[in-house]
Structure formats: C-alpha cells, structure tokens
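Novice: Dumping the structure here so I can ask a few things about it.
The values are calculated or read from the model by the stated rules, or taken from the named source; none is laboratory data. These numbers come from a predicted model, not from an experiment. For neighbour counting, all protein chains shown are included, and Cβ atoms are generated from backbone atoms with ideal geometry for every residue, glycine included. These area figures cover heavy atoms from the full protein model, side chains too; ligands, DNA and RNA do not enter into them. Shrake-Rupley method; radii C 1.70, N 1.55, O 1.52, S 1.80 Å.
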Amino acid sequence: MILRGGPWGSAMDRQVHDQLKCAAASAVAAGVALAVTSGVREAPGVHVGDVVFAAAVATLWTLLKSTRLKGIGLLRDLDATQPLPDPDTPTPTVFRPRFPLRVLVLYLVAALGLSLLFSPWWSLLPLVGAVDWLSDAVVTAHWERRRGRTLWRGHDPDEPGRLAFTTVTPPPAPRTATDAPPG
C-alpha cells in the first residue's frame, strides 16, 4: 500500500512492506549466487548443526532488535516517530510494489565475486541482509500492532527515509437488521 499526496508531496511506502521486499531481494540474491557458484565450483555442504546455529543467531538478533539498546534496538526509533501532519489529506491506494532491484544487484555482485574468488560459502552472504530486514519487519509489525498505528516511510528528498505514522481506526461494531447493537 502507498499513500500519495499529503504533506510530503510524494509517495510514502509502508515500512513493513519495504523491509519485506528488501528481505526477499536479499534471499533471491543468495539463491542465484548459490546456484551459479554451485555450477562453477562445488556447493558448500550444509549440516543440521549449521542450520540450528543460524536459526539461533537470527532469533537472538531479532530479540536484540526488539529492545531499546542504542545502536541496535529499533523501539527507541519507532517510539520517536511523529504522526503525519494531516492524516486526512493522503488517501491509501493499492499499487504494484517496486522490487528493490538495487539491493538485489548489490548483494548478487558481492556474493558472486567473493564466492567465485574465495570460498563458495560467500554465496550465502545476502542471507545476512535478509535476516536483518526480516527481523526489522517482525519488530516493526509487532510495534504497529501493539500501538494501533501504521508506519510509513517518506520519499522526501530533504528528509530521506523519514518515518511517520497514522492511527488505525477500529472497524465499526456490527449491527443487526433492525440497527440494534448485537447481543
């Protein structure tokens, strides 16, 4: 979803959607790099212990992101966001999300270069970015849900990446055929 117009003049993307798109681009880059590297060199062998260790590190990273620790935690930054100056001006419209091609190309070039020059394990480098963006999306979605707000990222050239929120209005209570409240 995107908001058009409004106080920033340009479009605003949902923060969670932006993070999920970047995580997907990183995962695609890792998959392509691993496939190319496996075709040229021997594919790295993965053991169950490696997967368990990676899952434990990803869980720990997500837990650290959900704190107020300076430099690591996201909650301090999310709590500091301001509401949109006039939430009635922009109207939500559905659009075709842009795939973050820059993220895909950057991670793919780095992973392919390092994995072909040094070790095939470098083809998994984009997964680090995917885990980081995915943990950001999880923490941001949890923050939005607990506070009843929707977080938006603006595309203002003066303040790139500025975050703002709109409140989520609860749905109206259901009514019966006689317009009496249920129950």
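Novice: Mind telling me which of the residues L75, L117, L69 ends up being under 30 Å from G45 (Cα atoms) and modelled with pLDDT of 85 or more? Lay out the reasoning, then the answer.
Specialist: Values: L75 fails: under 30 Å from G45 (Cα atoms); L69 fails: under 30 Å from G45 (Cα atoms).
One residue alone meets the criteria, L117.
Novice: Filtering the stretch 43-56 down to residues that are open to solvent by less than 70 Å² (accessible area, probe 1.4 Å) and of a type in the set (A, V, I, L, M), which residue is farthest from G31 (Cα to Cα)?
Specialist: Only one residue fits best here, namely A56.
Novice: Can you report the number of residues in the stretch 138-148 which are among the hydrophobic types (A, V, I, L, M, F, W, C) and either touching a strand residue (DSSP E or B) at 6+ places or on another chain (Cβ under 7 Å) or surrounded by fewer than 20 Cβ atoms within 10 Å (Cβ to Cβ) (or both)?
Specialist: Initial filter on the stretch 138-148 (among the hydrophobic types (A, V, I, L, M, F, W, C)): 138-139, 141, 143.
With either touching a strand residue (DSSP E or B) at 6+ places or on another chain (Cβ under 7 Å) or surrounded by fewer than 20 Cβ atoms within 10 Å (Cβ to Cβ) (or both) added as a condition, the list becomes 138, 141.
Selection size over the stretch 138-148: 2.
Novice: Considering only the stretch 146-159, state which residues are more than 16 Å from H17 (Cβ to Cβ) and either modelled with pLDDT of 70 or more or among the aromatic types (F, W, Y) (or both).
Specialist: Filtering the stretch 146-159 down to residues more than 16 Å from H17 (Cβ to Cβ) leaves 146-148, 156-159.
Matches in the stretch 146-159: R146, R147, G148, D158, E159.
Novice: Consider D158 against the criteria (1) among the charged types (D, E, K, R); (2) touching a helix residue (DSSP H, G or I) at 6+ places or on another chain (Cβ under 8 Å); (3) without any contact (Cβ under 8 Å) to a residue 40 or more places away in the chain: it satisfies all of them except one. Which criterion is unmet?
Specialist: Result: D158 fails condition (2) only.
Novice: Among the residues of the stretch 57-69, which ones are touching a helix residue (DSSP H, G or I) at 6+ places or on another chain (Cβ under 8 Å), hydrophobic (A, V, I, L, M, F, W, C) and open to solvent by less than 60 Å² (accessible area, probe 1.4 Å)?
Specialist: Selection gives A58 alone.
Novice: Sticking with this structure for a sec: Could you tell me which residue of the stretch 25-77 is nearest to A137 (Cα to Cα), considering only residues that are touching a residue at least 60 places away in the same chain (Cβ under 8 Å) and acidic (D, E)?
Specialist: It comes out as D77.
Novice: As an exercise: evaluate D13 against (1) part of a helix (DSSP H, G or I); (2) touching a strand residue (DSSP E or B) at 6+ places or on another chain (Cβ under 7 Å); (3) acidic (D, E) and give the number of the one condition it does not meet.
Specialist: Against the list (1) part of a helix (DSSP H, G or I); (2) touching a strand residue (DSSP E or B) at 6+ places or on another chain (Cβ under 7 Å); (3) acidic (D, E), D13 comes up short only on (1).
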